[in-house]
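Read through the structure below, which is laid out as structure tokens, and then see the notes.
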Amino acid sequence: MARLLSQTGRFLLRRFSEPHPAVIVAVAPSRVCFHRYYSSKSLSLVSPLRSAVLPPPALCNSAFSTSATTVEVQSTEHEVVIALGSNIGNRMSNFREALRLMKRGGICVTRHSCLYETAPVHVTDQPRFLNAAVRGVTKLGPHELLSVLKTIERDMGRVDGIRYGPRPLDLDILFYGKMRICSDKLIIPHERLWERSFVLAPLVDLLGSAVDNDTVAHWHSLTSHPGGIFRAWERLGGESQIGKDGIQRVLPIGDKLWDFSNKTHVMGILNITPDSFSDGGHFQSIDSAVSRVRSMISEGADIIDIGAQSTRPNASRISSQEELDRLLPVLEAVRGMPEMEEKLISVDTFNSEVASEAINNGADILNDVSAGSLDPNMHKVVAESGVPYMAMHMRGDPCTMQNKENLQYNDVCKDVASELYLRVRDAELSGIPAWRVMIDPGIGFSKSVDHNLDIIMDLQKIREEMAKRSIAVSHAPILIGPSRKRFLGDICGRPEAADRDAATVATVTTGILGGANIIRVHNVRHNADAAKVCDAMLRRRRSKG
């Protein structure tokens, strides 16, 4: 063993140059653990030297690491996973600042989990935590990365206190490339990682059900039992845990956290346009708009969606100024209504200039029928705003969306999921976390009658297809908007939009039972009642196991 360690020491003192690997070596009395990684994508986790052995996760503990010596040589980017936790102050604001400081510190975040509000563990007499995780790349070595994260924690007010006690921010490295690290300051992966729902839930979100690269395949291999990370999550109860007292999946809106799983949310439509297909010209004055909102709130609306630019087929695009002239006076009046307390305002626009002004004037949600495809600045505006983003699937624009070439699908649910995922992915890379995204499959936009029916009947397939690439995006709240649309008139023989409310209730009911979280409707009263019955059915189904 002495000769082996001497050889090891000489090896580590060599001057490294490409394509030599960088090495992390942990030395203990009974075993030697080597971790090596290359700048290419063909990586090898362990390179044994004679009888050197990699310790299993259970042995990477304090006793092992106390006598360890670590040498780092870093020359390339590595993929990392970092967990975030907070239960003091404005937790969401803490996360936003942490992400900003991480970017400044050399960590490029590429994926975000959903957000989870969780009960404290160990020390239970403290506020509930907000938990999440991010996936990214960095050129920082593992211990350099740890130092950066600890500095961020301190800069944001964390001080030494009770272990597992309250803190404004907690940042932990869950994975670093393909390496298993055991030192007196850093253990990756932590041996208790697989026991903690509040860590595993956001970790799972960062993956796809289809393994996207060999680093992710390695992360799965680090679990202490077969089946990878997904199996570890299932052993704790998996998705069945979500929504119980201990852990809830939430979406941040302003300073509040919304649980969109506890009921179907009703979005009432307020078109302040002269040319919308159903109610164009009806609510252009402030008084008529306010009266309409008051009526929808009394009938059960949770969200009011205000649109000043028509998106009906072949609608012409108006200028930003004209859209703002229509929108802002109504938005200001609606925002000031006492009935709007605890209610949300969504603004329906695909124009980034309008989006920016709407958000500055009180919009809670930005609803973009183009998912950013019609304005290259939209994602940047929403990213900087912090508001939730409703991304809808559409091909082309309102003038071209029903063209023959835009109605060609191999499998409409799979194709919509794939195309919408790419738009959401672009939004995420622009700085809109997955935990702020809602999705809309775009019923009536670039769809035939049969396409619309397939989507309404099989929302679960859209979630499953998205989950292959991102579990987080597959959990995003889904909105459906079939209200009074032409395909219902074609099926029922109802040429007048106002005569399609019964058909709307039928489609909404099917969609809710299939997994929709939000329904966007003109007739709030009838559809809110349908939603209540569907919610009761779903609760009954869950209670029966």
Item checked: Residue, nearest to ALA383 (Cα to Cα), within the range 86-110, restricted to residues that are open to solvent by less than 30 Å² (accessible area, probe 1.4 Å) and either of a type in the set (D, E, K, R) or assigned to a loop (DSSP other than H, G, I, E, B) (or both) -> GLY105
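Okay, residues lined up against (1) open to solvent by 20 Å² or more (accessible area, probe 1.4 Å); (2) among the β-branched types (Val, Ile, Thr):
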residue	(1), (2)
ILE229	no, yes
MET267	no, no
SER291	yes, no
GLY300	yes, no
Notebook entry, point to check: Within the range 324-346, restricting attention to residues that are at pLDDT below 95 and more than 15 Å from ALA289 (Cα to Cα), which residue is most open to solvent (accessible area, probe 1.4 Å)?
Noted result: GLU341
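Please enumerate the residues belonging to the range 302-323 that are open to solvent by 10 Å² or more (accessible area, probe 1.4 Å) and either of a type in the set (A, V, I, L, M) or in a helix (DSSP H, G or I) (or both). Working first, answer last.
Within the range 302-323, the subset open to solvent by 10 Å² or more (accessible area, probe 1.4 Å) is 302, 309, 311-314, 316-322.
Once the filter is applied, which keeps residues that are open to solvent by 10 Å² or more (accessible area, probe 1.4 Å) and either of a type in the set (A, V, I, L, M) or in a helix (DSSP H, G or I) (or both), the range 302-323 yields ILE318, SER320, GLN321, GLU322.
Could you tell me whether the range 158-171 includes any residue that is of a type in the set (Gly, Ala, Ser) and assigned to a loop (DSSP other than H, G, I, E, B)? Before you say what the answer is, go through the steps one by one.
Initial filter on the range 158-171 (of a type in the set (Gly, Ala, Ser)): 161, 165.
Restricting the remaining residues to those that are assigned to a loop (DSSP other than H, G, I, E, B) gives 161, 165.
So far as the range 158-171 goes, yes, one or more of its residues are of a type in the set (Gly, Ala, Ser) and assigned to a loop (DSSP other than H, G, I, E, B).
Give the range 293-318 a look and list any residue that's modelled with pLDDT under 95 and at negative phi, or say none.
Quick first cut of the range 293-318, residues modelled with pLDDT under 95 only: 307-318.
Passing the criteria: GLY307, ALA308, GLN309, SER310, THR311, ARG312, PRO313, ALA315, SER316, ARG317, ILE318.
Taking the conditions exactly as written (open to solvent by 10 Å² or more (accessible area, probe 1.4 Å), touching a residue at least 24 places away in the same chain (Cβ under 8 Å), among the hydrophobic types (A, V, I, L, M, F, W, C) and part of a loop (DSSP other than H, G, I, E, B)), does LEU374 satisfy them or not?
On the way: open to solvent by 10 Å² or more (accessible area, probe 1.4 Å): yes; touching a residue at least 24 places away in the same chain (Cβ under 8 Å): yes; among the hydrophobic types (A, V, I, L, M, F, W, C): yes; part of a loop (DSSP other than H, G, I, E, B): yes.
It is true that LEU374 is open to solvent by 10 Å² or more (accessible area, probe 1.4 Å), touching a residue at least 24 places away in the same chain (Cβ under 8 Å), among the hydrophobic types (A, V, I, L, M, F, W, C) and part of a loop (DSSP other than H, G, I, E, B).
Return yes or no: is ALA133 aliphatic (A, V, I, L, M) and over 22 Å from VAL216 (Cα atoms)? Before the answer, list the steps.
On the way: aliphatic (A, V, I, L, M): yes; over 22 Å from VAL216 (Cα atoms): no.
No; evaluated as a whole, the condition is false for this residue.
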Next item on the list: Having 2 or more residues that are open to solvent by less than 60 Å² (accessible area, probe 1.4 Å) and closer than 26 Å to TYR421 by Cβ is the bar; report the helices (runs of 4 or more DSSP H) wholly within the range 460-545 that clear it.
Entry: 471-474, 501-513
Next item on the list: Please specify each residue of the range 217-264 satisfying the condition of being in contact (Cβ under 8 Å) with a residue 12 or more places away in the chain and in a strand (DSSP E or B).
Entry: ILE247, GLN248, ARG249, VAL250, LEU251, PRO252, ILE253, LEU257
Notebook entry, point to check: Is there any pair linking a residue in the range 324-335 that is on the phi > 0 side of the Ramachandran plot to one that is of a type in the set (Ser, Thr, Tyr) and open to solvent by less than 50 Å² (accessible area, probe 1.4 Å), with Cβ under 7 Å and at least six apart or on different chains, and which?
Noted result: none
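Kindly indicate which of ARG167, ARG154 is open to solvent by 10 Å² or more (accessible area, probe 1.4 Å) and free of Cβ contacts under 8 Å to residues at least 40 places away in the same chain.
Details: ARG167 fails: free of Cβ contacts under 8 Å to residues at least 40 places away in the same chain.
When all the criteria are applied, what remains is ARG154.
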Item checked: Tally, over the range 111-147, of residues that are touching a Gly at 6+ places or on another chain (Cβ under 8 Å) and surrounded by fewer than 18 Cβ atoms within 10 Å (Cβ to Cβ) -> 4
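The values are calculated or read from the model by the stated rules, or taken from the named source; none is laboratory data. Worth saying up front: this structure is predicted, and the values here are computed from it rather than measured. So basically every Cβ, Gly included, is an ideal-geometry build from the backbone, and we count neighbours across all protein chains shown. Accessible surface is based on the protein model in full, side chains and every heavy atom, while ligands, DNA and RNA are left aside. Shrake-Rupley method; radii C 1.70, N 1.55, O 1.52, S 1.80 Å.
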